[in-house]
1. Which one of Val119, Val169, Val161 is touching a strand residue (DSSP E or B) at 6+ places or on another chain (Cβ under 8 Å), closer than 30 Å to Tyr242 by Cβ and either among the aliphatic types (A, V, I, L, M) or not in a loop (DSSP other than H, G, I, E, B) (or both)?
2. Of (1) buried (at least 17 other Cβ atoms within 10 Å of the Cβ); (2) touching a Leu at 6+ places or on another chain (Cβ under 8 Å); (3) more than 23 Å from Pro124 (Cα to Cα); (4) modelled with pLDDT under 95, Glu3 satisfies all except one. Which?
3. Residues in the stretch 72-88: is at least one of a type in the set (D, E, K, R) and farther than 17 Å from Arg12 by Cβ?
4. Are any of the residues in the stretch 72-79 free of Cβ contacts under 8 Å to residues at least 40 places away in the same chain, outside the structural domain of Gly230 (by TED's automatic domain parsing), assigned to a loop (DSSP other than H, G, I, E, B) and under 23 Å from Lys31 (Cα atoms)?
5. In the stretch 188-215, how many are among the acidic types (Asp, Glu), buried (at least 18 other Cβ atoms within 10 Å of the Cβ) and over 21 Å from the mean Cα position of the chain (by Cα)?
6. Condition (residue is buried (at least 18 other Cβ atoms within 10 Å of the Cβ), in a helix (DSSP H, G or I) and under 22 Å from the mean Cα position of the chain (by Cα)) applied to the stretch 37-44: is it met by at least one residue?
7. Does any residue of the stretch 106-121 turn out to be surrounded by 17 or more Cβ atoms within 10 Å (Cβ to Cβ), out of contact with any Gly (no Cβ under 6 Å at 6 or more places or on another chain), of a type in the set (D, E, K, R) and free of Cβ contacts under 8 Å to residues at least 60 places away in the same chain?
8. Of the conditions (1) in contact with a Ser or Thr (Cβ under 7 Å, 6 or more places away or on another chain); (2) outside the structural domain of Phe80 (by TED's automatic domain parsing); (3) not charged (D, E, K, R), Ile163 fails just one. Which one is it?
Amino acid sequence: MPELPEVETVVRALDASLRGRILLGAVSLGKLRLPLDAEAASRRLGGREILRVRRRAKYILIDFTGKGALLAHLGMTGRFRIDSAGEPRHKHDRAAFPLLGGDELRYSDARRFGFVKLVELPEPDGFPAELERLGPEPLSRQFSGRTLLAGAAGRKTPVKVFIMDQWTVVGVGNIYASEALHAAGIDPARPAAALAPDEWARLAAEIKAVLRRAIKQGGSTIRDYQTLDGGEGGFQRSLRVYGKAGGICPRCGGSVKSTRLGGRSTFFCPDCQS
């Protein structure tokens with residue numbers, strides 16, 4: 001599933017390609033778990049200018065003049081493309097948005113866990129209510145070791161599960177949680193409440209550093225993720241422990257192990273993560 005760096009990569013490319021363009025309407029091609037109401041989207045957004053494309057957690061917001069917006073989630077296999085309107089649509093295309101000038105923004109999703117829907121913003125630059133309740137952005141000033149320490153008080157849940165909770169901090173998915181915990185030298189199975197303030201400070205710093213490096217390299221393509229132009233991310237070539245069970249720890253030379261925490265595969269080095 002695309003995580004924060006992959007979504008941020010898509011958002012930056014979409015913003016560069018769509019900002020200032022005029023949407024002509026919307027077409028639902030069906031077969032999504034949450035079908036697009038194309039009639040309402042066309043009525044509300046048709047003829048309006050795209051102001052920006054931005055991200056909140058793993059959600060994509062396409063803002064228009066007024067307070068209307070498109071809210072999208074890529075799910076497992078979702079992706080956007082910008083094609084010429086004359087090009088045949090792909091079999092997994094689920095929604096299309098014709099643009100003034102002859103192009104078409106298309107949303108494709110083979111496994112159909114994602115969505116695109118019309119939302120109203122409470123104010124320009126605001127967020128729909130369903131996103132307001134989420135935790136802080138990991139790359140923001142509001143996120144720090146102190147916020148993690150405060151949220152972890154009394155929590156017996158494993159630290160990896162804790163930092164993947166979207167109420168704790170958004171966007172830290174399975175790949176980057178494993179990588180940040182390894183970089184910080186923290187056992188992913190330790191109870192969240194057991195970490196000391198300096199450990200939380202170190203982990204928050206490593207979460208920020210890992211995410212920034214991944215964004216710089218266009219995210220990680222492990223299975224299905226593609227960039228807007230159909231390319232792959234590059235961070236998977238820099239992974240130190242994720243998917244490396246049985247390999248050598250690049251920091252201490254120990255053996256990378258795998259376990260399951262919160263129902264997810266977790267990769268760590270038992271020799272240097274304590």
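The values are calculated or read from the model by the stated rules, or taken from the named source; none is laboratory data. It should be emphasised that the depicted structure is a prediction, and the values quoted were computed from it without experimental measurement. Reconstructed Cβ throughout: ideal geometry from the backbone, glycine too, with neighbour counts over all protein chains shown.
1. Details: Val119 fails: closer than 30 Å to Tyr242 by Cβ; Val169 fails: touching a strand residue (DSSP E or B) at 6+ places or on another chain (Cβ under 8 Å).
Only one candidate qualifies: Val161.
2. Every condition holds for Glu3 apart from (2).
3. First pass over the stretch 72-88, keeping only residues of a type in the set (D, E, K, R): 79, 81, 83, 87.
Now drop any that are not farther than 17 Å from Arg12 by Cβ, which leaves 83, 87.
Among the residues of the stretch 72-88, at least one is of a type in the set (D, E, K, R) and farther than 17 Å from Arg12 by Cβ, which makes the answer yes.
4. No, every residue in the stretch 72-79 fails to be free of Cβ contacts under 8 Å to residues at least 40 places away in the same chain, outside the structural domain of Gly230 (by TED's automatic domain parsing), assigned to a loop (DSSP other than H, G, I, E, B) and under 23 Å from Lys31 (Cα atoms).
5. Quick first cut of the stretch 188-215, residues among the acidic types (Asp, Glu) only: 198-199, 206.
Filter once more, so that each one left must be buried (at least 18 other Cβ atoms within 10 Å of the Cβ): 199, 206.
Keeping just the survivors that are over 21 Å from the mean Cα position of the chain (by Cα) gives 199.
Matching residues across the stretch 188-215 total 1.
6. Going through the stretch 37-44, the residues buried (at least 18 other Cβ atoms within 10 Å of the Cβ) turn out to be 38, 41-42, 44.
From what is left, the residues that are in a helix (DSSP H, G or I) are 38, 41-42, 44.
Add one more test, that the residue is under 22 Å from the mean Cα position of the chain (by Cα), and what stays is none.
No; the residues of the stretch 37-44 include none that is buried (at least 18 other Cβ atoms within 10 Å of the Cβ), in a helix (DSSP H, G or I) and under 22 Å from the mean Cα position of the chain (by Cα).
7. yes
8. Of the numbered conditions (1) in contact with a Ser or Thr (Cβ under 7 Å, 6 or more places away or on another chain); (2) outside the structural domain of Phe80 (by TED's automatic domain parsing); (3) not charged (D, E, K, R), the odd one out for Ile163 is (1).
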